[in-house]
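Data first, discussion second: the structure below is written as structure tokens.
The values are calculated or read from the model by the stated rules, or taken from the named source; none is laboratory data. On a predicted model such as this, the values are computed, not experimentally measured, just so you know. Methodologically, a virtual Cβ is constructed for each residue, glycine included, from the backbone with ideal geometry; neighbour enumeration extends over all protein chains shown.
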Amino acid sequence: MTLNGEQALGLLATMWRIRLFEERVGQLKRADEVFGLIHLSVGQEGVAAGSAPSCATTTPSTRATARTATPSRRAPRSTGHGRADGQGRRALPGARRSMHLVDVEHGFMGATGVVGGNIPIALGSALAARLAGTDSVAVVFFGDGAVQAGHFNETVNLATLWGLPLIMVCENNGFAEFTPRSAHTNVERVSDVVAPYELERETVDGNDITAVWKTFGKYLKAARKGGGPFLLECLTHRLRGHYEGDPASTARRSPPRTGRRRTRSCASSATA
Amino acid sequence: MDQVINEGPRFRAMSGGQVTVPIVLKAGYGFTAGWAGQHTGTIGALFMGVPGLKVVVPSTAADAKGLMATAIRDDNPVVYMHHYLLTLEHGEVPDGEHLVPFGEAAIRREGGDVTIVATGWTVDRALGAAEQLASEGVEAEVIDPRTLNPLDTKTIFESVEKTGRLVLVDQATRHASASTVIAGEVAEHAFSALKAPIVQVTGLDATIPYSEPLEAYVLPNDEKIVTAVQQVLGSAPVTA
């Protein structure tokens, strides 16, 4: 499948919407007008934009960093906005802020504050889809740090054992909170971590929106037809810290030593 | 454990009710009988304080059925702790639909001299102690909370108002025990009814040994409960 002009513009618009929303939240946070932990994904918009819009609202998805998912899934803007600052123009039920956005109506089953905590839950969604006999697909987003959690391994094991309709999208930005990947594992590529399970997987440049869009679309189509699970590793780069105001982001002057050539952010390069 | 403590019980509240998590987590606990350190833990009270988690601890066959039925019907996460030794015992079980509501303690034995609150496997230890005490002219009231969360403090307070003396029994270690929670509630809300300090008979803060006499040393038993009752009655010295 190839992107036509209109689709490409749509993806670009999505990336910019995410970027503008997140920059605004960051501004509000630095001005102390937003309460609580804020984790931005500035620089990683390509992954969300390349995947989430393809999902119909019947595709349950969960992610560990929620804000990009909401603007990219076209949930009402006030959903993301109102919850980010916790005050919002509408009174929002539930104890939600940016770590815990949930919008079941639009298929967004929720974000968790626990690294990788959503991965077994997504497995449950996939199993439910299989048991209910629907063509629903569960999509879960997580970072490369979550891959070393034991329950990631358990999820991949059961998903491959039962052939469940689960697409695991890993945003590999080389950092688990403040820890570079090389400091906590010998295996550089997430797709190599899951190799023994022999599931279909690919590593793409997360900043190449076309690549993300193509591969995700391929997996989604196959999963709807009974295939799965799949793992899509997107190599990307975060431009801010782990959370807004953390020591790493406030002290950083030079690019982090990820051993990766620093590329222009996906939103800028897609515009060019 | 993340799924049990941090994900399952939290999402209903965090999603503003968009998501319910109807799940029963059934787990055996507290083995004794020489199954040693890693099979004998009694950790129901660890879950007591987790918001969104309900904790049930049946002590009879009938309650095992009734509490499980209610747990399944509940749309929320329920931790169902069944003591391994109790699975070897028999009792009357009602046929057909049998539901035991959560938050309702059962008074296993009525008495006016002392209130004994016991959970799970220790309920029978308390009843054994009560028989022994009865032969000494002391009538104990034995209460089985059945559910740790929600906890039926009302029944416990009413009993303490009546007897003025409280002994709490739990197999768990002292500092992760439901009895310590109950002691705190009674001390705060029914203090004026107490005629003596509360005494707790819990497992010691130790890994359960393999050796039979050492296992018995660490765990509650009938004799320890009798001694505790004598302490609150003032007929035996309180150990330091």
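Structure summary
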item	result
Residue match in the stretch B:203-212 (condition: under 18 Å from residue B:42 (Cβ atoms), in contact with a Leu (Cβ under 6 Å, 6 or more places away or on another chain) and not charged (D, E, K, R))	yes
The stretch B:71-97: number of residues that are surrounded by 16 or more Cβ atoms within 10 Å (Cβ to Cβ) and more than 14 Å from residue B:53 (Cα to Cα)	5
Residue ranges of strands (runs of 3 or more DSSP E) in the stretch B:46-154 with at least 3 members within 23 Å of residue B:25 (Cα to Cα) and touching a residue at least 24 places away in the same chain (Cβ under 8 Å)	B:54-56, B:78-83, B:147-149
Which numbered condition residue B:171 misses (of (1) within 22 Å of residue B:104 (Cα to Cα); (2) surrounded by fewer than 18 Cβ atoms within 10 Å (Cβ to Cβ); (3) in contact with a Gly (Cβ under 6 Å, 6 or more places away or on another chain))	(2)
Criterion (farther than 26 Å from residue B:159 by Cβ, within 14 Å of chain A (Cβ to nearest Cβ) and modelled with pLDDT of 95 or more) met by exactly one of B:9, B:77	B:77
Pick from the stretch B:4-34, criterion part of a loop (DSSP other than H, G, I, E, B), out of contact with any helix residue (DSSP H, G or I) (no Cβ under 8 Å at 6 or more places or on another chain) and touching a residue at least 60 places away in the same chain (Cβ under 8 Å), ranking: nearest to residue A:125 (Cα to Cα)	B:8
Complete set of residues in the stretch A:116-137 that are among the small types (Gly, Ala, Ser), within 14 Å of another protein chain (Cβ to nearest Cβ) and out of contact with any strand residue (DSSP E or B) (no Cβ under 6 Å at 6 or more places or on another chain)	A:117, A:124, A:128
